[in-house]
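The values are calculated or read from the model by the stated rules, or taken from the named source; none is laboratory data. Keep in mind it's a predicted model, so treat the numbers as computed, not measured. Cβ sites come from the backbone with ideal geometry, for glycine too, and all protein chains shown count toward neighbours. Only protein heavy atoms, including side chains, enter the accessible area calculation; ligands, DNA and RNA are left aside. Shrake-Rupley method; radii C 1.70, N 1.55, O 1.52, S 1.80 Å.
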Amino acid sequence: MKIKSVLFVVVAALVVSCGGKGGGRPNFGDNEYPVRTVGTADAAMQTTYPATIKGVQDVEIRPKVSGFITRVCVREGQNVGAGQLLFVIDNVTYQATVRQAQASVNTAKAQLNTAKLTYDNNQKLFDQNVIGEYELSTAKNSYETAQAALAQAQAALASAKETLSFCYVKSPASGVVGSIPYKVGALVSGSSVQPLTTVSNIRSMEVYFSMTEKQILDMTKTSGSAQAAISQMPPVKLQLADGSLYNHPGKVTKMSGVIDPATGSVQMIAVFLNPERLLKSGGSGAIVVPYVSTNSVIIPQSCVSEIQDKKFVYTVGKDNKVKFTEITVDPQNDGNNYVVVSGLTAGDRYVTNGITKLNDGMEIKPITEAQYQKKIQEATKLSESGSAKGFVEAMTGKK
């Protein structure tokens, strides 16, 4: 019983190994090959474009005054609101400037009050004919000069206060804080190469990608205008850096009006909602644009041979002789089929299996793909039966 069990297992393994071979055409002992007639159909295709992800609003935060950072009030990746304090720059010098400006305002006010009293008194004396018009005009001029001096001092005070406020760096918009290259004690100024940080509004993201000039022209001619072409574009998908698809569709909303002379491409912008904050400003990915190719010639990739970046199929003529025919296919495909651009037309016949055993000009006997599959099944059964029988005879010594 044990020997029989072992024989059964080995025979089963042999049968599986013989029946599991694929990719080659069984030796039917004849010249029959499956042939398909070319037809047309609509193909759901997609085109991918390299893309860069940016926040709808990416604001670089830079200081307006020079000084040492005394306090960093936020951390990287923190959500902040508009007007929220981000950094504090050493403000001792600027506070002193404000106090000095305030003192100048006080002095100017005192001088203005004195000038006003003098002018009012001279006005009364002039009305009583005690002084002449010259004295009155002089007092008036002094009063107006004092008014101007006060206004100048008040302007200087306002400027000093504004400069002092620049020491308190606040966020101009709501968003997420980016990297913070400067720490407490670092000397910064408006001419610093790096910004203090970047605040990005990532509630929705703009994804930048480029299309060729020819593609834009075709879209524009078909739709009538660039804006109409954008509005008619279907929702697009975003393929992330790890190869997965982002779970929210996007919409192309903008098109650059200038063609990049270096690349011959036009920049496009698609907007994606980002409720989970999965997308980050500065990230990369690929935009996937779906489209339907109508009345297309679609053939399996398995019946296509590739030689030096060129693609060929075996077409079958009226005399049943095969011809090694070059075809051109759409570079975008689904991994299983090709959309043929040129080389095949509706009504042409081509061989679908066993192409490795064909030669250009060889005469074959065309059969249907169903007949071909039936022959494969029959040949596999015969092969399995013969192999198993021979193995048992060899192991047992019986015929």
- Everything considered on the Cα gyration tensor (a ≥ b ≥ c; rounded for a/c under 1.5, else prolate if a/b is larger than b/c, else oblate), the stretch 59-106 must be described as prolate
- Restricting the stretch 254-350 to trypsin sites (Lys or Arg not before Pro) in coil, as DSSP defines it, with at most 11 other Cβ within 10 Å: Lys318
- Query: Among Val236, Val322, Val130, whose mean-square fluctuation peaks in a Gaussian network model of the chain (Cα, cutoff 10 Å)?
  - Reply: Val130
- C-alpha long axis of helix 92-127 to longest principal axis of the chain, angle in °: 40 degrees
- Message: Considering only protein heavy atoms and a probe of 1.4 Å, how much of the accessible area of the chain is carbon and sulfur, as a whole percent?
- Response: 53 percent
- Task: May I ask you to derive the FRET efficiency for Asp90 and Ser174 from their Cβ-Cβ distance with R0 = 25 Å, giving the value to the nearest 0.05?
- Result: 0.35
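Compute the length gained on full extension between Leu217 and Tyr291: take 0.36 nm times their separation in residues and subtract their Cα-Cα distance, giving the result in nm to one decimal.
Value of the extension gain: 25.0 nm.
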- Message: As I understand it, the value is the acute angle between the Cα axis of helix 2-19 and the longest principal axis of the Cα atoms of the chain; what does it come to in degrees, rounded to 10?
- Response: 70 degrees
- Query: Accessible area per residue, 1.4 Å probe, Å², for the stretch 188-264: what's the number?
  - Reply: 56 Å²
- Out of Lys214, Lys124, Lys251, a Gaussian network model of the chain with alpha-carbon springs under 10 Å gives the largest mean-square fluctuation to Lys124
- Hey, rough spin-label estimate for Gln194 and Thr48, points 7 angstrom out along Cα→Cβ, what's it come to in nanometres? 3.3 nm
- Query: When all protein chains stay in place, what accessible area (Å², nearest 10, 1.4 Å probe) is found for Arg62?
  - Reply: 90 Å²
- Using only protein heavy atoms and a 1.4 Å probe, report how much of Lys109 is accessible, in Å² to the nearest 10. 90 Å²
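Computed over the Cα atoms of the chain, what is the convex hull's projected area averaged over all directions, in nm²?
On the way: hull surface 161.3 nm².
Taking a quarter of the hull surface, the average projection is 40.3 nm².
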- Given the Cα-Cα distance of Leu240 and Asp309 and 0.36 nm per residue of separation, how much length would full extension add, in nm? 22.0 nm
- Message: Taking amide H atoms as placed 1.01 Å from N in the peptide plane, list the residues 5 or more away in sequence, or in a different chain, whose amide H sits under 5 Å from that of Phe87.
- Response: Cys73, Val169
- Query: For Phe126, what accessible area in Å² do you get when you roll a 1.4 Å probe over the heavy atoms of the protein chains, rounding to the nearest 10?
  - Reply: 70 Å²
- Pick from Gly335, Gly81, Gly282: which residue has the top mean-square fluctuation in a GNM of the chain where Cα pairs under 10 Å get a spring? Gly335
- Message: Helix 133-165 against the longest principal axis of the chain: what's the angle in degrees, Cα atoms only, rounded to the nearest 10?
- Response: 30 degrees
- Query: What value, in deg cm²/dmol to 500, does the helix sum -39500 (n - 2.57) over DSSP H runs of n ≥ 4 give at 222 nm once divided by the residues of the chain?
  - Reply: -11500 deg cm²/dmol
